Structure formats: structure tokens, C-alpha cells
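To keep things clear, I will list the structure first and then write my remarks on it.
The values are calculated or read from the model by the stated rules, or taken from the named source; none is laboratory data. The shown structure was predicted, so the numbers you read here are calculated from the model rather than taken from an experiment. Note that each Cβ is placed from the backbone with ideal geometry, even for glycine, and that neighbours are counted across all protein chains shown.
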Amino acid sequence: MKFIRLAVTAAAALSFSSAYAFHDGGVAYCDGCHSMHNSSGNKSMSGGRNTTLAGWNAAGKASLTQFQGNAYLLQGSDDSSTCLNCHAASDTAPSSYHVMTFPAPTGTAAPVERTPGGDFSWVTMTFSATASYGAPVTSKGERHGHNVVAQDYGLVADTTLLTAPGGSFPAASLSCASCHDPHSRARVIDANGTIANSALGAKVLPIGSSGSYGAVATLDEAVGVYRLLAPANYSQMSVTNPLPFNANPPVAVAPAKYNQSEATSEVRVAYGAGMSEWCANCHRSIHNANTNTANTALIHPAGNGALLTATANDLAGNANGTTIAAIYNAYKMSGDLTGVQTASYTSLVPYEEGTTTIATLASHASNTGAYTAGPSAGTENVMCLSCHRAHAGGFDSLSRWNNKAEFLTLGGAYAGTDATGEGAYGQYSMGMTQAQQAAAYYDRPASTFAYAQRSLCNKCHAKD
Amino acid sequence: MTSAIAAAPAGAGAAELRAAYLFNLSDVNGAIPMSWAGLAYDRSAGELYVTDRGAGEVRVFRQSGIEVQSFGDDEALGTVTDVAIREDGELFVLALKNGRAVLERCSYRGEPLAPLALRGVPAAFAKGFAPEAIRYSGGKLYLADKAHLKVLVADTDGGVQATYDLQAKVAAEAKNRDDARMTGFAVDPSGNLLFTAGPMFRAFVVSPAGEVRGFGTRGSTPGKFNVVAGIAADERGYLYVTDLLRAVVMVFDPSLEFVGEFGYRGEAPENLIAPIDVSVGKGQVFVAQGAMRGVSVFRVEIAGPDAAGG
């Protein structure tokens, strides 16, 4: 007889490429999301609209009248709810393309999904605590991510930032389709990552499969762009007078399995180029794409020109004696600068490689720890996602680590309301338990960090 | 009672589906708002166990739809994932504790009695088996690892009686292997395993001998699968399958022929939004929805050449 404990373990790495049946890198079949006539089997498919809706969808989702479709002929209550019908799940472990734990966890439980973009349920979780000096500490849910509106899934508009920081996109209209083009007319047409868009008067290769996992276009068919991100001139139909995008999607490659605990192996998305420029489609005034040698831009650089070869203090008396890249490679944890380039990468501080060559990126994308090298080519650059998660995370400002506290770990353990010693102080725990903190760091053991770990800004700046 | 919209296939000799909305599961304050609850029906007592993941507790309802008790909100059991009910009322609670799935025997009140350890687990299931669902049928417990399409069958003392590794057979039908995972899972009174695979637009019936039958085709017309989720069987072998995107419950006869469907998206009481789970018993169909619409209860009657009615 053999006794076991039921163990939740990560699935073995899968060697196949993920094309995913529904999107296939481009527009899916139309009636997957739309009802053309609000009629099926000669019956109305919907029973009336939600009169509590506001904003762009107030005009009436769910027509009562047979043969009269809903706004945008959508099947879902709104466009994000339509997406989350597939992309939300009540999983107990990270699973495939699920980007939201639903229903959102309660009590001391933490979100389950671990996609690189993060789990949207964090935006529903507000944490409160009291600092050691008596001040209240609050980490509001809406500060944890992009507040897409999805009424069926309890996701509501940001009540504080009413437009995109650095831009004008209205928070009330933010949806999955604000960033991802569900019809995805952009495509990668060659092995060099060249992006082309369908347009009136133009002829481009048709999209044959997903381009998110390293597939390369052939002479006959293109692949989709990374994560169906929207292309230049994208203008969301459901938003009034949107500012059309001016940048194409970034080029990047993800490993086939990317939603997993990083307790033992990190998920390395090989970001190539263009991410920050693309984020600036909505956050234009925040964006500074180049390094700032003259120290005049007064915005942290992020973009194709923000190279990690920028000079930095070598901590030996030379203000410009080394590079950001050299610090990245040397930095292991607070106080420990003995790292080596071949093993210096961390998915908590990713960067772009400065290439759009699909084969190169595909060889670097991994979920098994097979490629851990840090910057070496001289083309690497910092990007928005070096510090922020695209969807949501446990910390304010969508940051990958807690930027509101001096320490991420104290006494060799995560801070948390249930920690012993200083780690229980509200200014460190932010009101989260140690398990929730660990979840926000994708289950890395606290021993990954220093006994008293400072901000991961230091991965590039080594001020600790 | 409000009649629900029901569509059915045309044709002589076809069974006829009649569905009527009855009420939503409630307490003394009225209908209880919940999203994406998990459902388990106790045929012996005529009670429905609802895992309210949003509130972190298990609520128990009589056939009349009124809540009679709840448990699990103190996290003593961990985060409850699912619950199965034996004829005598003893509960088997599947929960997450410190990131691990644990199985606990509990009294009918949800009071922990003892952990249940599995015995005689074959090597292929001894490592990496991560159950997310539990069902009870015919004196056996069925534990499903949805992500890996594995089902382990045990007696109520934990002795393993059978295992099913369905990955290879189901993935053979999938356009992509990642699509081959269970969305909904159930066991019918005959011990057949029932599950849906939403991304595959398919549902499956697996006999106790391991024979796999798939059914369903992609589409958005009556009887077609868009994003299927919950699945359940009634006492006569009729299957009920929910579709998240089409917002319907589809009914299939024991030979897997489509009988009819009801629900449809909307805000009216008889409509559905994102129906994730379904359970059936004594002529009533319980449907767990999103958008805090709780659990709607329908009376369903099936009349036809080989159906005696609800």
C-alpha cells in the first residue's frame, strides 16, 4: 500500500507550440463573440438589457427584439466579459490562458493565475493595515492593475484615475479590447519580425497561426502579432473620439507554457522590441524612449533607445565607470553583487533584447530555466514591463514588487500580517499575508532574496 | 412561475423540453448574490451544496431553495474547492491548504472529522495528481484533476479502486493539446464520468470500462457548443450542459441527441449570464451564474417517445 498526500504540482513542461484553437493569431470565427441577428432557432437569444449599465454600453446590450442584435452585435454583456468567459476561471492552480481567478479570492487566499501579465483579480482586492508608527496603510485594489470594465466579472472602472496617466483614454471605457485587437489585423510577415497591417488598397499575407510562441511566417502566410496587441491606427469603435494608436505592437516570444508558479523555474518571455513605444499609445506623456545622459528628460527612460549600456556609477569612485547592464548582471540581492552574466536574468525585472529576430527570441523564451543569461549584446533596453505588470499584480502601480516599502523581506521572510517581528508592520505587509505576498512574487521562496531585501530598482541601480 | 425560453429541434418523434424558472436560491433576506458557485446535489436528502467561492464558504439549501446552514468561512478546512455528499449525510470536502489539495471527512454540519488519505495510489497518480473536483456516486468518490484529465476513484475510506488517465484519448481530438482539459466534471448515477472541454467545443462521456464518447459541435445555434462549462445528468440519464457564451443550458438525451435548451442571455429572471455549473435532481435544474446572479432554479420536463417527463 502506498499513501500519498494530494499535492498540487506544476505540470511538466510541454514541448509543443501553443496556437490555441479560438484565435489562431487573428480574428476568430465571427459567431464566437457576435450574434448577427439576435435569433437562434427562431427565438430571441437574449432577454433584455441591463439597465444599470453606464457609459458606452448604456445604449443597450441584449436587445429584447428578435432579429435586432445587441450593441456591436456582441454576445457578452460587454466586451471584456465576453473575453473573460474563456479567460477567467475558478482554478486551484495556474492554468493555460486564464488571466483572472474568478470569483476573486477572499480572506487570506491569493489569486491563482501566474501569467506574465498578472491576474486581474488583484484589482478587486484591497488590503489595509496599520504601520508601526500608527498610520493607516491601504493598498486599494484599483491601484493593482489596469481596471478593465467587465460587469459580469465584478471589474469596474478606476474611480481615481479617470483617464490614462499621460494620456486621454477614458477609464470608463477601458476594456480588454483597448489593448488587444480582438480582430487582430496586424501580423508578422517574416522571420525578422516585420509587422504589416491590413489596410484598404494594400495586400498582405493572411494570418495562419499565433505568433506569440515563436512561429515564423512563411511565404504563404503570416503569423499573428504578440498577444493580438493592437496595431498602429487602431481606434476602438466603442470609444468616443479615441486617439488612434501610433505605434505597432512589440515583437516578443513567450514559451508555450507561461502560466505557472515560479517557485522553481521562472517564465522567461523573450521581449524583443517596441513594448514601451506601444504602451505610449495611451500613456504618451509618460514616455521617454531614450537614455538621459544629460539628465534633462526627468522621466525614467523606457524604450528601444533606453539601452542598458547607459553609464552608471561603478561604486568605486567613478560616476560613469560601468553600465546598467553590468550592474544587472552582477546583482543577485541586496548587498550581493557577485552575480555572473550567464545566470543573472530574473523575470521580476525583464528587459527587451533589442532584436526582432524571431528565432533568437524563440531560443531565449523558456519556462524551465533553460536560458538565464542577462544582457550581453549591447542592444538590450529597459521597458515599461521591466517594472510593471501589464494586467495586474499585488502591489500599487501594477509594479512587480512592492515599491512603497523599504523592504521586500525582513528576517529572511516575506512581510505579512501573519509574520513575526518587523515583517508584520503595516508599512511592509501592506495588509497582505505572507502567502499573499509570496503569490505576488509568483511563489518564489523568500530565500531568493536577501535577508533584508530592498527594492528591485536596485537590480539595475545597486543602491543597496 | 415564469416560463423560460426553450428552443428545441424540429422533427417528428423528438423529445420535447419544457423549462420553467422557479426561483433563485435565497435566505431570509432574499436571493443570495453569488458568482460562479460550485454545485453538488444530495439526492438522498434533496439538498443542494453550493461552494460560494466569493464568500469562501459552503452554503446548503433545501429543495425549496432556502438556505439551511453554511460552513467553511472560518478557513479551518482551508479554502474549500468542492464537496461531495454520501447518502448518510457525511461530507467529503476538498480544499486548498498552504497551496496543497487536502481531503477532509466532515459531518453533515461541515465539522471536520478526520483527514482522508488515499491508499493504493498507482505510481502514475502518486506524483503530480492535483484534484480540483470531487463527486460521490454509488458508494465511490471521484476525484478529478481537470488540468491533466485524470480521475481517481476511491471508496469512502480512501482505498483506490480505479484510475482514468484520459489525456491521450481526449487530446487526440484537440486541435491543440492545451485545449484538452476539463472545464466541468460530473458523474452520473451509473458511474459514467461526464466532462466538458470548453476550448475544444466538446463534452465527453467515459464509461466505467474507460470507453470515451465525445459529443458536441462548435457553433452558436441551438444545441451547438460555444464555450461549454458545467455538465450534469439526471436520474434518467439526460445530460445538461451549460454554455458560458451562449448563456444557455442544453439538454441531451441518453443517446446524446439534442433535446432542447433554455435560458439565454438577459436580465430577466429566467435568463442566464455566464452559467458556469449545473446540477440536477428531482425535476429541478440548478444553474450557477456569473454577474452575481447567484443560482437559478428551473423545473424541467422532458416529454417524448422514450421520456416519461420530469
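So the values come out like this:
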item: Search result, residues across the range B:117-143 that are hydrophobic (A, V, I, L, M, F, W, C), within 7 Å of chain A (Cβ to nearest Cβ) and under 19 Å from B:VAL93 (Cβ atoms); result: B:ALA117, B:LEU118, B:PHE129, B:ALA130
item: Which listed residue is farther than 20 Å from A:GLU142 by Cα and not in a loop (DSSP other than H, G, I, E, B), from A:GLY423, A:GLY416; result: A:GLY423
item: Condition met for A:SER386 (of a type in the set (Ser, Thr, Tyr) and surrounded by 19 or more Cβ atoms within 10 Å (Cβ to Cβ)); result: yes
item: Conditions (1) more than 9 Å from every other protein chain (Cβ to nearest Cβ); (2) at pLDDT below 95; (3) surrounded by 18 or more Cβ atoms within 10 Å (Cβ to Cβ); number of the one not met by B:ARG59; result: (2)
item: Test result for A:ASP443, surrounded by fewer than 17 Cβ atoms within 10 Å (Cβ to Cβ), touching a residue at least 60 places away in the same chain (Cβ under 8 Å) and assigned to a loop (DSSP other than H, G, I, E, B); result: no
item: Test for B:GLY266: is it modelled with pLDDT of 85 or more, within 20 Å of A:ASP152 (Cβ to Cβ) and within 14 Å of chain A (Cβ to nearest Cβ); result: no
item: Answer residue from the range A:134-154, given it is within 19 Å of the chain's Cα centre (by Cα) and part of a loop (DSSP other than H, G, I, E, B) and is nearest to the other protein chains (Cβ to nearest Cβ) among those; result: A:VAL149
item: Among the residues listed as A:ALA177, A:ALA157, the single one being in contact with a helix residue (DSSP H, G or I) (Cβ under 8 Å, 6 or more places away or on another chain), touching a residue at least 60 places away in the same chain (Cβ under 8 Å) and either in a loop (DSSP other than H, G, I, E, B) or farther than 30 Å from A:SER121 by Cβ (or both); result: A:ALA157
item: Subset tally (residues that are on the phi > 0 side of the Ramachandran plot, out of contact with any Lys or Arg (no Cβ under 8 Å at 6 or more places or on another chain) and at the interface with chain A (Cβ under 9 Å from one of its Cβ atoms)) for the range B:212-250; result: 2
item: Identity of the residue in the range B:269-279, under 26 Å from B:VAL206 (Cβ atoms) and in contact with a Ser or Thr (Cβ under 9 Å, 6 or more places away or on another chain), that ends up farthest from the other protein chains (Cβ to nearest Cβ); result: B:VAL278
item: Residues that are at pLDDT 70 or above, assigned to a loop (DSSP other than H, G, I, E, B) and over 24 Å from A:MET100 (Cβ atoms), drawn from the range A:68-83; result: none
item: Candidate set: the range B:62-86, residues that are at pLDDT 95 or above and acidic (Asp, Glu); chosen: the one nearest to B:ASP27 (Cα to Cα); result: B:GLU67
item: Residue under evaluation A:ALA365, criteria (1) buried (at least 19 other Cβ atoms within 10 Å of the Cβ); (2) modelled with pLDDT under 95, criterion not met; result: (2)
item: In the range B:286-304, residue nearest to B:LEU244 (Cα to Cα) [restricted to those that are surrounded by fewer than 24 Cβ atoms within 10 Å (Cβ to Cβ) and more than 14 Å from chain A (Cβ to nearest Cβ)]; result: B:VAL297
item: Test: residue in the range B:92-105 that is away from chain A (no Cβ under 14 Å) and surrounded by 22 or more Cβ atoms within 10 Å (Cβ to Cβ); result: no
item: Strands (runs of 3 or more DSSP E) enclosed by the range B:207-254 - at least 1 residues per element that are closer than 22 Å to B:TRP36 by Cβ and at pLDDT 95 or above; result: B:228-233, B:239-243, B:248-252
item: Residue check, A:PRO111 crowded, with 23+ Cβ neighbours inside 10 Å and touching a Pro at 6+ places or on another chain (Cβ under 7 Å); result: yes
